[in-house]
Amino acid sequence: MSNTETKTESSDSLITTDVETGSNDRTAPSNRTAVAARDLNVYYGDEQAIDDVSMEIPEKRVTALIGPSGCGKSTFLRCINRMNDMIDVCRVEGDVEFGGKNVYDGDVDPVALRRKIGMVFQKPNPFPKSIRDNVAYGLKIQGFDGDVDERVEESLKGAALWDEVKDQLDSSGLELSGGQQQRLCIARAIAPDPEVVLMDEPTSALDPVAASKIEDLIDDLAEQYTVIIVTHNMQQAARISDRTAVFLTGGRLVEYDDTTKIFEDPEEQRVEDYITGKFG
Amino acid sequence: MATDTDTARGEGFGEVSRVRGIVFEYLSLGASVLGIFALAVLLIYVTIDAFDLANADPLWLLTYFLTLVVPFLGFCLYSARDPALTRRAVAVAGGGLVAVAAVFTAIEAFVGEVPRLNWQLTYLFVAVIPLTGYLTYMGARGRPGSVGFGLIGRLIGGTAIGLAFTVLFLVFDERLWFLAYTLGIVPALLAYAYGQLRDTPAAVTAALPVSILGVLLAVFAREALRTYPTTAFIYLWTLAIPIAAAGAVVVNGRGSRTAALTAGGVPLALAAAVGLFGRAAGLGVGGPNALVVIAVTGVPVAVYLHRVFDAGDGLTGLGLPVLLAAGALAGALVVETFGIPTPSPWVSETFLTEAPSRTASEAGLYPAIVGSVIIIAMVAVLSFVLGVATSVFLEEYTADSGVVGGLTRLLQINIANLAAIPSVVYGLLGLGLFANFLGLGFGTAVTVSLTLSLLILPITIISAQEAIRSVPDDLRRGSDAMGATRWQTTKNVVLPEAFPGILTGTILALGRAIGETAPLIMVGAATTVFSPPSSLFSKFSAMPMQIYAWANFPQAEFRYGVVAAGVITLLIILIGMNGTAILLRNRAEEGH
């Protein structure tokens, strides 16, 4: 279950709980690997949700996970920041490497891990607090001792929300529209400056206009962060992602390649059928 | 033609019987109305007995109706600014008068005499009081009304909380409090403020240990020290000054420094002047208790006045207390001048401030009121803290499956069953555990508070669990995904969201605790004590115990007048307590 080769390399980086500032060199996209899965199997009780998946996700790119309902793509996403730990019956075998370390190693604190990985959910879930407190939430719980207001402004700008809310930072986050709420959640996720941002169908609960704003935003985010996004919407995957992974029923990763390749000339017939809408 | 097709259609579909639904609807409506009606009649009679209204002269009623009720209703209508409402109100008041008088006369003529009621009183209870309630509600939605009621609420609430403070100091040692405050709380607050202002986290972290150390030090110093400042100075230093400072901070936060100094300083100066020199100056009021009450009432009132003047809207509402006071005075004056006979209510100053007596007219509830207030304060703190802790543990910390999950379910079932155990059994538990085994004494405040806390704990836990469970899981996952620990998620997201619900459950449970008699009898609380308790370990009584004792007295004055007065006092205190808690809850809900 654990990967002994990488265990010693940078075990400190996951256990520290401080916010790192400006330590990442975020210039042009590199081809370094941010997250890698090796022989990953996930079970819910007796049912297998992910079947022997291995894949490497590049740094500072947008990687889309697509596939029909129940194919395990959200489960895969939640393995990366160990949100599956919350589900009692969930059992994980194999490795998920992040920052040169298997996140399922015994000495990894999942709470410390999640401080380096932001997450955005399907349904916007801002806290019933002010906009400022929502964005500052991660900073607060991590004991950030820099200038919180400056970081809040930066994050809201990063989430393309600053101009709309700069005069009402003290009003409740719940007063915003659905699309604004989702961008607030993105601002909240990027405020502690994570390395990876996970998005679980971030636009499926939004109207097309709000969704397209989020798509534009995801494009910008990839300049600074590794973005991994689960989506049901194939056009969306084609528009915004650099790499696409296609999961099919049974939790198998059927094909994983550059997005243009997947959408124009997939290797597998099943993938082509799925993308052209013959099933799914 | 049209009718033809309609019939054809009707025949085509047939009809579905709704008889059972309609019968059910009216039966359930009837059942609930019957219950409420019975309770209303009881409360009307209790009120009539407690205030001796049966002997009230119709002229006396008319006088106060004209000087107090009519101006108040006028104020509400003025605030609501709704001509249609005004017309309806006048119609109800006038039509009600005619209708009640007619129906009442008819009943007296054909059915028989209605005991201790006349048509004027019936009109009061059937028309005037509901109308007043409704118009108060409508008036409060207008700006002047909301300002007026806000001011009156702060006046009454502040006085009540101030009095509660003085009652608590009957049993809690004010000198120990003085030392704990001076040595523990003040240094801790200073450290915290210093840390916040100078960005020194170490000072903030030090605040808690400093306060604990200070309190421990205070416990030792209490024995060693011989001389202390007077009680009035202690109250000034430990209560009035911090409350005034808090008020000033609130006003300062709204942007005005001079106003902040005034809002904090004026009530403080008034409280100090009356408290320290009132008696000597021959004002008739004074002493430490007056100091506390003035400070606790004056500061919120001053802060509120600043807010109202700042908003500059609905200023006429500030006249409401003046209007009511003037109305009461004018009524008294008229009654005096024309020699109208006044009723002698059982709920009187004597009743509220004197000890029980063998003579009905001298009987008082004071020691029992003090006892009840102390118990309720302790039960509220104990059951809230324990209930929230247990429910957080059960909902947020235990697993759903496996051995732990099984144990949790077992615990859950047991808690649910505990809620159904008769209170006498809890009394027995309190007797065995707290009074005998732990030696906390028979019928002492500590024993009774602990017993009642145990009694309502299951209810508190179950309702708090419901509140916590109703917090959407999305929020928890959102917080977890940010890298929050379980505790951080609970503290920052779950508890603030669940707080109003938790408070609702605690209020209901406390309502049960304040009225309990059986467990008090079991742990040996006295039915009657003649002086308020002087410590947590002295013998004391509670309101329901005293009422129960009076109900067994042979004299009719006790069984009707004094018991009714006791019930009314108990209900008013209960409603006041619940009202405060509900306001707090609504404030918390608005905060989101």
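The values are calculated or read from the model by the stated rules, or taken from the named source; none is laboratory data. Computed from a predicted model, the values in this text were never measured in an experiment. Quick reminder, even Gly has a Cβ in these numbers, built from the backbone with ideal geometry, and neighbours come from all protein chains shown. Accessible surface is based on the protein model in full, side chains and every heavy atom, while ligands, DNA and RNA are left aside. Shrake-Rupley method; radii C 1.70, N 1.55, O 1.52, S 1.80 Å.
Values as computed for the structure displayed
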| read-out | value |
| --- | --- |
| Yes/no for A:ASP207 being in contact with an Asp or Glu (Cβ under 8 Å, 6 or more places away or on another chain) and not hydrophobic (A, V, I, L, M, F, W, C) | no |
| Residue check for B:GLU516: open to solvent by 20 Å² or more (accessible area, probe 1.4 Å), in the same structural domain as B:GLY427 (by TED's automatic domain parsing), touching a Pro at 6+ places or on another chain (Cβ under 8 Å) and closer than 28 Å to A:ARG114 by Cβ | no |
| Long-range neighbours under 7 Å by Cβ, at least six apart or interchain, first residue farther than 15 Å from B:LEU261 by Cα within segment B:303-314, second hydroxyl-bearing (Ser, Thr, Tyr) and in a helix (DSSP H, G or I) | B:GLY314/B:SER146 |
| Given (1) touching a residue at least 40 places away in the same chain (Cβ under 8 Å); (2) not in a helix (DSSP H, G or I), index of the condition B:GLY576 fails | (2) |
| Selection from segment B:436-457 of residues that are part of a helix (DSSP H, G or I) and under 17 Å from B:VAL424 (Cα atoms) | B:ASN436, B:THR447, B:VAL448, B:SER449, B:LEU450, B:THR451, B:LEU452, B:SER453, B:LEU454, B:LEU455, B:ILE456, B:LEU457 |
| Sole residue being among the aromatic types (Phe, Trp, Tyr) and within 14 Å of chain A (Cβ to nearest Cβ), chosen from B:PHE537, B:PHE499 | B:PHE499 |
| Residue in segment B:503-511 that is closer than 28 Å to A:CYS185 by Cβ and assigned to a helix (DSSP H, G or I) present | no |
| Residue among B:ARG143, B:ARG175, B:ARG198 that alone is within 14 Å of another protein chain (Cβ to nearest Cβ) and either open to solvent by 70 Å² or more (accessible area, probe 1.4 Å) or farther than 30 Å from B:MET378 by Cα (or both) | B:ARG198 |
| Failed item in (1) over 19 Å from A:ILE117 (Cβ atoms); (2) touching a Gly at 6+ places or on another chain (Cβ under 9 Å); (3) buried (at least 21 other Cβ atoms within 10 Å of the Cβ), with B:THR490 passing the rest | (2) |
| Matching option when the condition is part of a strand (DSSP E or B), among the hydroxyl-bearing types (Ser, Thr, Tyr), under 25 Å from A:ILE275 (Cβ atoms) and at pLDDT 85 or above, among A:SER54, A:SER74 | A:SER54 |
| Residue in segment A:202-210 that is buried (at least 19 other Cβ atoms within 10 Å of the Cβ) and either on the phi > 0 side of the Ramachandran plot or in contact with a strand residue (DSSP E or B) (Cβ under 8 Å, 6 or more places away or on another chain) (or both) present | yes |
| Those residues of segment A:83-102 which are under 28 Å from B:PRO472 (Cα atoms) and more than 10 Å from chain B (Cβ to nearest Cβ), in sequence order | A:ASN84, A:CYS90, A:ARG91, A:VAL92 |
| Scan of segment B:471-494 for residues that are of a type in the set (D, E, K, R) and more than 8 Å from chain A (Cβ to nearest Cβ), ordered by number | B:ASP473, B:ARG476, B:ARG486, B:LYS491 |
| Odd one out for B:ILE468, checked against (1) within 11 Å of chain A (Cβ to nearest Cβ); (2) among the aliphatic types (A, V, I, L, M); (3) part of a helix (DSSP H, G or I) | (1) |
| Within segment A:114-183, helices (runs of 4 or more DSSP H) holding 2 or more residues that are at pLDDT 90 or above and either within 14 Å of chain B (Cβ to nearest Cβ) or crowded, with 20+ Cβ neighbours inside 10 Å (or both) | A:131-141, A:148-158 |
| Identity of the residue in segment B:526-566, touching a strand residue (DSSP E or B) at 6+ places or on another chain (Cβ under 8 Å) and of a type in the set (A, V, I, L, M, F, W, C), that ends up surrounded by the most Cβ atoms within 10 Å (Cβ to Cβ) | B:PHE540 |
| Where A:GLU56 falls short, out of the listed (1) within 14 Å of chain B (Cβ to nearest Cβ); (2) within 16 Å of the chain's Cα centre (by Cα); (3) acidic (Asp, Glu) | (1) |
| Residue in segment A:31-38 that is assigned to a strand (DSSP E or B), buried (at least 24 other Cβ atoms within 10 Å of the Cβ) and in contact with a Cys (Cβ under 9 Å, 6 or more places away or on another chain) present | no |
| Helices (runs of 4 or more DSSP H) wholly inside segment B:9-99 containing at least 3 residues that are among the β-branched types (Val, Ile, Thr) and surrounded by 14 or more Cβ atoms within 10 Å (Cβ to Cβ) | B:19-50 |
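Residues are listed down the side, and each one gets a yes or a no for (1) open to solvent by 50 Å² or more (accessible area, probe 1.4 Å); (2) part of a helix (DSSP H, G or I):
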residue: B:TYR192; (1), (2): yes, yes
residue: B:ALA207; (1), (2): no, yes
residue: B:LEU217; (1), (2): yes, yes
residue: B:ALA244; (1), (2): no, yes
residue: B:GLY255; (1), (2): yes, no
residue: B:ARG279; (1), (2): yes, no
residue: B:GLY282; (1), (2): yes, no
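Residues are listed down the side, and each one gets a yes or a no for (1) touching a residue at least 60 places away in the same chain (Cβ under 8 Å); (2) assigned to a loop (DSSP other than H, G, I, E, B):
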| site | (1), (2) |
| --- | --- |
| A:GLU215 | no, no |
| A:ASP219 | yes, no |
| A:ILE228 | yes, no |
| A:ARG239 | no, no |
| A:ALA245 | yes, no |
| A:PRO266 | no, yes |
| A:ARG270 | no, no |
| A:ASP273 | no, no |
| A:GLY277 | no, yes |
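Quick grid of which residues meet (1) more than 24 Å from A:ARG32 (Cβ to Cβ); (2) open to solvent by 10 Å² or more (accessible area, probe 1.4 Å); (3) within 15 Å of the chain's Cα centre (by Cα):
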residue: A:GLU47; (1), (2), (3): yes, yes, no
residue: A:LEU65; (1), (2), (3): no, no, yes
residue: A:GLY70; (1), (2), (3): yes, yes, no
residue: A:ASN84; (1), (2), (3): yes, no, yes
